[in-house]
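S.K.: Just passing along the structure, written as structure tokens.
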Amino acid sequence: MKNTLKLYIILCFLFIAISVFISYDYKSSPDYFSYLNWYEVSTSYVKDGNSWVIAKDPAFYILSNLFDSIGLELQGVLLTLVLISLLTKSFALNKLLNNNAIFFVLLLYLARLFITHDLIQYRAGASVGLAFLAIVLYLDNSKIKSIIALILACLVHLSAMLVLIAIPINFYLKKRKRRDLFRLILIIFLFLVCTVIVNPYAVVIEMLMKISFFQARVAPYINGTYQTVETSILNSYVLIKILSYVIFTVWVYKNRGRELVGQYYNLYFFFFSSLFGLTLYWFFRSNDSLAIRFSDFFSIFDLVFIVQLLYVFKPFGRLIYSGLLAIYVVVFLTSSLKLIA
């Protein structure tokens, strides 16, 4: 019965998401002409023998030529990327969460990430889905499947390599299942405060530019090719994340001395993964494109962490927190609609 309900929730989510995509005028998407340019460059490779898309995004190049050969053109490419995004995230969440949690995560996803991942930044959406699936498979000890999913994610968008942070996080937590890690959490918060006070952006960019592998990918963000501005340290999404961190930290403090990591392993894992996303956002805040792009790869981790906090509460507290999650849905949806407008 529980599996049937979970399947029903996922199918409803997919029906809503795919229906919105099909009815959406994708040509009005802010990134449409960029994708059109990529598609035209990819499909013209046979004629002019020169396509930078092959090196930058092999998956997009392959999909472009595949759908060009059968007459579906760019529409087929974008639909495929959206389906990859939605199906991989649904499959991963199905393996990871129970009925209540998956309902709230998918609801928050529709409100917060669906518009950006599946109506605007199609490549990022597909890559995030594959990378997230890779991490869930990794946590499930399906190492070979995890590696395959991560390789596919990198073929879609190289930024998927960021999720490799999961390996040291997982290694660290497995060695400390009998701990509560309260002191470590406080140290990380102190580090984040220092990041806000002392902007490390220039130093980090200078280091990246010395690595030839990153030069071509980072250069457009700092040489004026892409228009960038400094992003705000705080916004509604960041504030909700910080509130979630505070709730988690207070809970850890009240239960310090217990073997919390072992009992709530996934909660700890997604907490530290989410924190890494916020660290990237604040590290690169002087360049909004980099800050948003890097941190966005951990947005699905954010949602899983925020929802899993349900289970640190007793039944009445869980009911109150469910109401708070409903408020988050409204806040996220309002913010997303402003973005697409």
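Read-outs throughout are calculated quantities, based only on the coordinates presented, and are distinct from any laboratory measurement. As the structure is a prediction and not an experimental result, all values here were calculated from the model. Backbone-built Cβ (ideal geometry, glycine too); neighbour counts: all protein chains shown.
S.K.: When only C-alpha pairs under 8 Å and at least 6 residues apart count, what is the relative contact order of the chain, in percent?
M.R.: Once normalised by length, the contact order is 19 percent.
S.K.: What pairs from Lys6/Lys145; Lys174/Lys254; Lys143/Lys175; Lys89/Lys175; Lys95/Lys145; Lys95/Lys143 go past 25 Å between their alpha carbons?
M.R.: Correct reply: Lys89/Lys175.
S.K.: I'd like the FRET efficiency for Ser289 and Glu259, computed as 1/(1 + (r/R0)^6) with the beta carbon distance as r and R0 of 35 Å, rounded to 0.05.
M.R.: 0.25
S.K.: Dividing the alpha-carbon Rg of the chain by 2.2 N^0.38 Å yields what?
M.R.: 1.01
S.K.: Once you charge only the Cβ atoms, +1 for Lys and Arg and -1 for Asp and Glu, what is the size of the charge dipole of the range 219-341 about its Cα centre, to the nearest 20 debye?
M.R.: Here the size comes out at about 420 debye.
S.K.: Okay, helix-only estimate at 222 nm for the chain: each DSSP H run of n ≥ 4 adds -39500 (n - 2.57), divide by all residues, round to 500 deg cm²/dmol; what do you get?
M.R.: So the helix-based figure for the chain works out to -24500 deg cm²/dmol.
S.K.: Between Ile144 and Lys174, what is 0.36 nm times their sequence separation minus the Cα-Cα distance? Round to one decimal in nm.
M.R.: Additional length available on full extension: 8.8 nm.
S.K.: Same structure, new question: How far apart, in nm, are two points set 7 Å out from the Cα along the Cα-to-Cβ line at Gln75 and at Phe191?
M.R.: 4.9 nm
S.K.: Residues of the range 123-161 with backbone nitrogen within less than 13 Å of a virtual label 7 Å along the Cα-to-Cβ line of Ile22, please, listed as ranges.
M.R.: Hits in the range 123-161 for Ile22 at 13 Å: none.
S.K.: Could you line up Arg256, Arg176 from fewest to most neighbouring Cβ atoms inside 10 Å?
M.R.: Ascending Cβ contact count within 10 Å gives the list Arg256, Arg176.
S.K.: Related question: Putting +1 on Lys and Arg Cβ atoms and -1 on Asp and Glu Cβ atoms, find which of Leu152, Leu106, Tyr201 reaches farthest to the positive end of the dipole of the chain.
M.R.: Value computed over the given set: Leu106.
S.K.: Could I ask something else about it? State, to one decimal in nm, how far the label point of Asn94 lies from the label point of Phe182, with both points 7 Å from Cα in the Cβ direction.
M.R.: Each label point lies 7 Å from its Cα, and together they span 4.1 nm.
S.K.: Taking a cut-off of 21 Å between Cα atoms, list the lysines near Lys27, but don't count ones fewer than 8 places away on the same chain.
M.R.: Partners found: Lys338.
S.K.: Ranked by Cβ crowding within 10 angstrom, fewest neighbours first, how are Ile185, Ile151, Ile306 ordered?
M.R.: Ile151, Ile185, Ile306
S.K.: For the range 262-294 and the range 51-108, what is the separation of their C-alpha centers, rounded to whole Å?
M.R.: The two parts, judged by their Cα centres, are 23 Å apart.
S.K.: Could you put Lys145, Lys27 in order, starting from the residue whose Cβ has the fewest other Cβ atoms within 10 Å?
M.R.: Lys27, Lys145
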